[in-house]
1. Starting at the first residue of segment 57-71, write each ³J(HN,Hα) from the Karplus equation 6.51 cos²θ - 1.76 cosθ + 1.60 with θ = phi - 60°, in whole Hz, x for Gly and Pro.
2. Applying 1/(1 + (r/R0)^6) with R0 = 30 Å to the Cβ-Cβ distance of Ser168 and Asp132, what FRET efficiency is obtained, to the nearest 0.05?
3. Just need the relative contact order of segment 1-104 here, percent rounded to a whole number, with Cα pairs under 8 Å and 6+ apart.
4. Between Asp12 and Arg91, 0.36 nm times their residue separation minus their Cα-Cα distance comes to what?
5. Per residue, how much space in cubic angstrom lies within the convex hull of the C-alpha atoms of segment 38-125?
6. Using a simple charge model, +1 on the beta-carbon of Lys and Arg, -1 on the beta-carbon of Asp and Glu, nothing else, what dipole does the chain show about its Cα centre, in debye to the nearest 20?
7. What is the distance in Å between the Cα centres of segment 1-31 and segment 135-180?
8. Could you give the alpha-carbon Rg of segment 88-182 over 2.2 N^0.38 Å, rounded to two decimals?
Amino acid sequence: HVRLVELVVNGDYKGLYNLVDRVDADLLELGKGSGAERPVLYKATGSGASFKTPDRDSYVQQVPDWRDGEFWGPYEKLIAFVGQSAPEVFRRDVERIIDVDNVIDLEILLALTANGEGQNYNLYLARRAGADARFFIVPWDYDISFNLAFIPSNHLIARLHADLPGYSRRVAERWRNLRRDR
């Protein structure tokens, strides 16, 4: 949910801002779990956030709460899979590990809004609780958008186009379906 608000601080007009829901476990309905099957939520915050190599300094662990201990294994496993797996392994396992339809929607959103930061470090990586849970991406922070000279992409999107047969067709079909009406 987004609401436009005019921000005034001590009588000084700061401009028009988006007031949005907090992205957290409740909003995303991540559920409860324990051990390796517990839900996770990582917020990308730095330029080192990418889908090539793990970089803990470019993410903030939000679920589980850092006060309950570090839980970087799922993040590191995901990034290593996307960044380093052989094409045949990627093809075989990607739809089991990542919600590819979610990435298709992200790719279209990035292209439509030309969000130059959204492809790597203005996003959350999330996974619900459960043995069959897949990672999905939640975009955030659209302050650097609509740059017509920029077509956003990232290593995950490039790998999907290169190594997952039919991915480009799926993106085109989703685009056509979205364009059928408002």
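We did not get these values from a lab; they are worked out from the coordinates using the rules stated. Model, not experiment: these values are computed from the prediction. Here the Cβ is made from the backbone with ideal geometry for all residues, glycine too, and neighbour counts use every protein chain on show.
1. 5, 9, 9, 10, 6, 10, 9, x, 4, 4, 5, 8, x, 6, 9
2. Approximately 0.70, to the nearest 0.05.
3. For segment 1-104, the relative contact order is 16 percent.
4. Extending this stretch completely gives an extra 23.1 nm.
5. Taking only Cα atoms, segment 38-125 has a hull volume of 98 Å³ per residue.
6. Charge dipole of the chain: 540 debye, to the nearest 20.
7. If you average the Cα positions of each part, the centres end up 25 Å apart.
8. 1.11
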